[in-house]
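Here the structure comes first, spelled out in structure tokens, and everything after it is commentary.
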Amino acid sequence: MTAETHIPNRFGRFLILALEQSLGTPGFQAVLGRAGLRHLAAYPADNLERGFPVNLIPRLMAALEEMYGVGKGREMAFQTGRACFRLGMPGFGFLIDLADLLFPLLPTRTRARVGLETLAEMLNRFADGDIRVLREGDHLVWVMDSCGVCAGRATTAPCCHLMAGLVQETVQWATGKDSVKVTEVVCAAAGGPRCEMEIELGG
Ligand SMILES: [Zn+2]
């Protein structure tokens with residue numbers, strides 16, 4: 001993924017709708033204004049054309065933190081990531097069918113892994129990601145060698161809460177467990193060589 005990458009309009013649309021859902025309309029409009037992206041209030045088109053520049057995402061994340069403060073802004077980004085999954089899920093009917101069929105037969109950890117690998121494959125295919133899902137000891141790790149959420153940013157602590165929320169909601173859905181915890185342990189914006197999230201299933 002490079003700064004010039006464009007992702008499908010539909011992905012941008014889910015992100016914008018999720019942001020509005022998480023912030024409420026006045027907050028949403030204020031963040032768009034702050035980011036200089038007021039035109040997004042008209043929502044990106046609902047199609048798979050690659051028309052949404054990936055570099056708008058870090059701009060929106062920075063504007064969120066400027067508006068609400070770093071802590072609250074990142075919490076909002078996390079909630080927005082979770083909402084992205086809930087909005088996007090119905091569009092992936094095949095995955096729901098697969099899950100209904102297979103998941104009851106699989107152990108929790110395998111379900112988590114299948115959910116994560118499916119999400120990674122989708123982002124890699126449609127958004128030129130290079131995401132890998134690894135197993136380390138008793139947890140799973142989500143590894144992004146290049147990350148569209150924080151590209152171009154410089155922060156003192158990991159800041160890819162949007163992706164952490166999306167990952168958490170995916171694993172929660174795949175496992176049916178609400179004890180899932182996602183922690184970004186390495187972040188490119190905070191000086192790391194890549195972005196990495198640890199997923200603990202808990203319970
Ligand atoms: Zn990142």
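Before moving on, here are some points about what is shown:
- Some residue of the stretch 174-182 being more than 12 Å from the ligand (Cβ to nearest atom), outside any loop (DSSP other than H, G, I, E, B) and at pLDDT below 95: yes
- A search for C-beta distances below 6 Å between a residue of the stretch 21-39 that is within 15 Å of G73 (Cβ to Cβ) and any residue that is hydroxyl-bearing (S, T, Y), counting only pairs 6+ apart in sequence or on different chains, returns S22/T80.
- Test: residue in the stretch 104-114 that is more than 16 Å from the ligand (Cβ to nearest atom), closer than 16 Å to E196 by Cα and either modelled with pLDDT of 90 or more or out of contact with any strand residue (DSSP E or B) (no Cβ under 6 Å at 6 or more places or on another chain) (or both): yes
- Of all residues in the stretch 140-161, none are surrounded by fewer than 23 Cβ atoms within 10 Å (Cβ to Cβ), in contact with a Gly (Cβ under 7 Å, 6 or more places away or on another chain) and of a type outside the set (S, T, N, Q).
- Number of the condition not met by V54 [criteria: (1) at pLDDT below 95; (2) surrounded by fewer than 17 Cβ atoms within 10 Å (Cβ to Cβ); (3) within 17 Å of G152 (Cα to Cα)]: (2)
- Selection of the stretch 139-173 for residues being in a strand (DSSP E or B) and at pLDDT 95 or above yields L140, V141, W142, V143, M144.
The values are calculated or read from the model by the stated rules, or taken from the named source; none is laboratory data. Predicted model only: the values in this text are computed from it and were never measured. All Cβ positions, glycine included, derive from the backbone under ideal geometry; neighbour counts span all protein chains shown.
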